[in-house]
Amino acid sequence: MTALAERHLLGLEGLSREAIEHLLDTALTMREVLRRSVKKVPTLRGKAVVNLFFESSTRTRMSFEVAAKVLSADTYSISQTGSSVTKGETLVDTAKNLDAMHPDVIVIRHASSGAAALVSRHTRAAVVNAGDGQHEHPTQGLLDALTLRERWGALDGKRVTIVGDVLHSRVARSDAFGLTALGARVTFCGPPTLLPPELASLGVTLATSLRRAVEGADAVMMLRVQNERMDGQFLPSSREYSRTFGLGLEQLEWLKPDALILHPGPVNRGVELSPEVADGPRSVILPQVENGVAVRMAVLYLVAAGHAEEHG
Ligand code: CP
């Protein structure tokens, strides 16, 4: 096994192009396994993977579970509801107690930025960030990169526009790190209240006009409006937002004919994307989901390899 250079996968920030390409190449091999009629290989037999999800999830949680099971790892799932967090146990104590049970990998989703890094300091297990607050969602960044790379061959010089609630989006941050490392030019577009100027330090262009931002783009990633993270008045109304930043058949005319439409899910149909666009021929939303399983198989395999080298 060739492990990742880092023991954990906490984010895509700072990962080299070579490391990302290696992850994506491994994911393509894994996808072949996933597509077989018998989806089972012994690669991670005897390894224990804990899925610690303190926020709601369908795609990420399920795909980590599918990924681990296809690779023959034993999986254990904990949600906030039903865990001792509801009795006041801290995240650090949770990590230390889980560590005492000798897991090989801990996958964590948490509402706080930095939660995955915190857990990584209190366990011998490899830690995979499945989304921490507004910080990063590295496996989403990888699956988006894989989805685009397989359609284009390479991302060099390609223009990717990410539209919507950028302020609250860990997906936008991981995409920015991952896609720019692979040579793409990334634009963030959204209302000024959801587009803080400091985001330009990620090496992206900022835009507040949807039309200008999507004209000439090779791919457009529409983000969900994260109402659960908005404690202030960021938007006048959902209808107003949809009129200005939503992508429907009318706005689709502004795009290049072969531009791809992505969305990390879950989609707020009729808000950021019309159903016709979400389900239309340019949408690669479901291929993103399949690639999500493949990427998570690759990540579990590679971090478990690093874990085996340290503790084997
Ligand atoms: N894209 C994503 O993280 O989806 P879930 O919240 O359903 O996992």
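Remark: the range 36-46, residue by residue, has Karplus-estimated 3J(HN,Hα) of 6, 5, 9, 9, 7, 10, x, 3, 10, 4, x Hz, where x stands for each Gly or Pro and the curve is 6.51 cos²θ - 1.76 cosθ + 1.60 at θ = phi - 60°. For the range 73-123, applying the loop criterion from DSSP together with a ceiling of 15 other beta carbons within 10 Å to the trypsin sites (Lys or Arg not before Pro) yields 121. Within the same chain, lysines fewer than 8 places from residue 87 are excluded, and of the rest, those with a Cα less than 30 Å from its Cα are 47, 96. A convex hull fitted to the Cα coordinates of the range 42-184 yields 122 cubic angstrom per residue.
When the charge dipole of the range 26-102 is built from unit charges on Cβ atoms (+1 for Lys and Arg, -1 for Asp and Glu) and taken about the Cα centre, the candidate among 34, 90, 63 whose Cα reaches farthest toward its positive end is 34.
Over every pair of different alpha-carbon atoms in the range 52-101, take the mean of 1/r and invert it; report that Kirkwood radius in Å. When all Cα pairs of the range 52-101 are included, the Kirkwood radius is 12.1 Å.
Considering only DSSP states other than H, G, I, E and B, which chymotrypsin sites (Phe, Trp or Tyr not before Pro) in the range 220-289 qualify as loop sites with at most 12 other Cβ atoms within 10 Å? Spell out each step's value before the answer.
Numbers: sites: 234, 241, 245, 254; in loops: 234, 254.
Passing sites in the range 220-289 do not exist.
Here the label points at residue 36 and residue 13, each 7 Å from Cα along the C-beta direction, are separated by 3.9 nm in the simple model. Centre-to-centre separation between the Cα atoms of the range 173-217 and those of the range 91-107: 36 Å.
Return the calculated 222 nm mean residue ellipticity for the chain, to the nearest 500 deg cm²/dmol, obtained by summing -39500 (n - 2.57) across DSSP H runs with n ≥ 4 and dividing by the residue count.
-11500 deg cm²/dmol
When the Cα positions of 245, 80, 162 are compared along the charge dipole of the chain, 80 comes out farthest toward the positive end, with charges on each C-beta of Lys, Arg, Asp and Glu.
In the range 72-148 the Cα-Cα distances spread across 5 Å bins starting at 0 as 3, 14, 23, 25, 19, 9, 4, 2, 0 percent of all pairs.
Taking all Cα pairs closer than 8 Å and separated by 6 or more residues, the relative contact order of the range 138-288 comes to 23 percent.
Straight-line reach from residue 40: taking Cα to Cα under 27 Å and skipping same-chain neighbours fewer than 8 places apart, the lysines in range are 69.
For the range 233-312 versus the range 15-74, the spacing of their alpha-carbon centroids is 19 Å.
In straight-distance terms, cross-link reach from residue 39 covers every one of the aspartates and glutamates whose alpha-carbon lies under 20 Å from its own, apart from those fewer than eight places away in the same chain; here that gives 25, 65, 74, 290. A DSSP coil position with no more than 11 other Cβ atoms inside 10 Å describes none of the GluC sites (Glu not before Pro) in the range 25-109. When only Cα pairs below 8 angstrom with a gap of at least 6 residues are kept, the chain shows a relative contact order of 22 percent. Expressed to the nearest 5 percent, the antiparallel share of DSSP beta bridges inside the chain is 5 percent. From the largest down, the range 138-288 spans 41, 34, 26 angstrom on the principal axes of its Cα atoms.
Note that the range 242-312 shows a convex hull volume over its alpha carbon atoms of 113 Å³ per residue.
For residue 189, what charge total do you get from the other residues with a beta carbon under 14 Å from its beta carbon, if Lys and Arg give +1 and Asp and Glu give -1?
Values: positive: 159, 185, 211, 212; negative: 165, 175, 215, 272.
Surrounding charge for residue 189 is 0.
Given a Förster radius of 30 Å and the C-beta distance between residue 112 and residue 76 as r, what FRET efficiency does 1/(1 + (r/R0)^6) yield to the nearest 0.05?
0.85
For a quick check of understanding: with a 1.4 angstrom probe and all protein chains in place, what accessible area in square angstrom does residue 6 have, to the nearest ten? Solvent-accessible area, nearest 10 Å²: 120 Å².
Counted over the chain with a bin width of 10 Å, the fraction of Cα pairs per bin, in whole percents, is 6, 28, 34, 22, 8, 1.
The values are calculated or read from the model by the stated rules, or taken from the named source; none is laboratory data. Just so it is clear, the structure is predicted and the values come from calculations on it, not from any experiment. Note: ideal-geometry Cβ built from the backbone for every residue, glycine included; neighbour counts use all protein chains shown. These accessible areas exclude ligands, DNA and RNA; they are computed on the full protein's heavy atoms, side chains included. Shrake-Rupley method; radii C 1.70, N 1.55, O 1.52, S 1.80 Å.
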